């Protein structure tokens, strides 16, 4: 017979375990995002600005292609 001390608190440790796993994954994703390893939810701001300028006809297609090429090389 296990009673309260054998089985009763097991769920608390399981809850703590999963909370730590979820926190670790969240922290890892946040760290990778800050390091620039991958982007979540969107494209690079320079490319977004370039596309907006092209859409507003502020730059020509040739300028757009050249600037896009320059951004991709970085």
If we count other beta carbons within 10 Å of each Cβ, what is the order of 54, 26, fewest first?
-> 26, 54
Neighbouring Cβ atoms within 10 Å as the yardstick, rank 53, 48 fewest first.
-> 48, 53
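Read the figures in this text as sums done on the coordinates, not as results from a lab. The model shown is predicted, which means the values in this text are computed figures rather than measured ones. We place every Cβ from the backbone using ideal geometry, glycine too, and count neighbours over all the protein chains shown.
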